[in-house]
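Comments concern the structure below.
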Amino acid sequence: MSKSSFQFPEAGEHDGDRNFVTALARGLEILRCFEQPNIALTASELARRVGLNQSTVWRLCHTLVKCGFLVQDANGPGLHIGAPALTLGYAAIESLTFPAIAFPYMRQITAQTQGTTALSIRQSIEMISVQHCAGEFVPANQPVGWRALLTSTASGLVILSALPANEREEAMRQIEQQDPAAWPRRLARIVQAQADYADSGYVASNTMLGGQYAIVAVPLLTTTNGATKAWGLTCGGLAARWDTKELHRAGYELLRIRDLLEPILAHAK
């Protein structure tokens, strides 16, 4: 998983939401802990992971076992993920491409921030836009299929920051060779992005489109047979309306969605 794993909000954060079912949310937290194949976890291990007391977790697990979503380990006190949960996951992954899986979450971010949310994929030293959800302001001339150099976009910069060192160095070498005169300026962007990513888990900028556009980006990475597939998820709006607080708010939402989506990357189309 990428830098800065998302933590679920405290229950008190939903006190004003009469439709929010805390017990259901806690049960789903428990299920999310089973993110590795064949993993077995005890109630005490689950309690530590989700930050709840052991008696509460035991009752949640008891209910999930009764409903079949968890199964007791035949050889010990651990629990395994059950068939109904696996069926839901396989159905979602087999029937949809990754952009299609991501789109409802992108709409969620746009509804919360009013920003334009976009998904792009890395191809060599470029980013290609594959999906977007329009907010209050949509950058001109950036439709689905739009291409840009890694160092020209927030999504490309955050991916360069998150890539394994050998892949990052090779991409940087190719970018430098493409235009040696522009390399010092591009390198400065990469260095700043790496510092931002190390600090927060995302890259934010209010200098895009000549300072008119503010944007924040997170990476979604999966490695198969030694090769990294990299997606960039961004959200942005007019810089005049998106101050530092708004950028951090969007960054938090992107990290939350990133941690929901990243575990299925290796299995999605």
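Coordinate-derived values only; no laboratory data. Quick caveat: nothing in here was measured; it's all calculated off a predicted structure. Here Cβ is always computed from backbone atoms with ideal geometry, including for glycine, and neighbour counts include all displayed protein chains.
Quick check: Cα centre of region 131-186 to Cα centre of region 192-235, how many Å?
9 Å
Arrange Arg168, Arg107, Arg122 by Cβ neighbour counts within 10 Å, fewest through most, would you?
Details: Arg168 18, Arg107 12, Arg122 23.
Arranged by neighbour count, lowest to highest, Arg168, Arg107, Arg122 become Arg107, Arg168, Arg122.
Among DSSP beta bridges whose residues both lie in the chain, state the antiparallel percentage, nearest 5.
100 percent
Select from region 210-249 those trypsin sites (Lys or Arg not before Pro) which occupy a DSSP coil region and have at most 12 other Cβ atoms within 10 Å, ordered by residue number.
Arg241
Quick one: which of 17-26, 108-117 comes out on top by average Cβ neighbours within 10 Å, and what's the full order, highest first? Write out the running numbers ahead of the final one.
Working: 17-26: 10.7, 108-117: 20.2.
Packing order, densest peptide first, comes out as 108-117, 17-26.
Roughly what percent of Cα-Cα pairs across the chain reach past 28 Å?
On the way: 14929 of 36046 pairs.
Everything past 28 Å amounts to 41 percent.
Give me the compactness ratio for region 147-188, meaning the Cα radius of gyration over 2.2 N^0.38 Å.
1.06
So what is the relative contact order of the chain, in percent, for Cα pairs below 8 Å that sit 6 or more residues apart?
19 percent
Can you give the calculated 222 nm mean residue ellipticity of the chain, where each DSSP H run of n ≥ 4 adds -39,500 (n - 2.57) and the sum is split over every residue, rounded to the nearest 500 deg cm²/dmol?
-14500 deg cm²/dmol
Determine one quarter of the surface area of the Cα convex hull of region 197-269, which equals its mean projected area, and express it in nm² to one decimal.
Taking the Cα atoms of region 197-269, their convex hull projects to 5.7 nm² on average.
By counting other Cβ atoms within 10 Å of each Cβ, how are Cys33, Cys235, Cys67 ranked from fewest to most?
Result, fewest neighbours first: Cys67, Cys33, Cys235.
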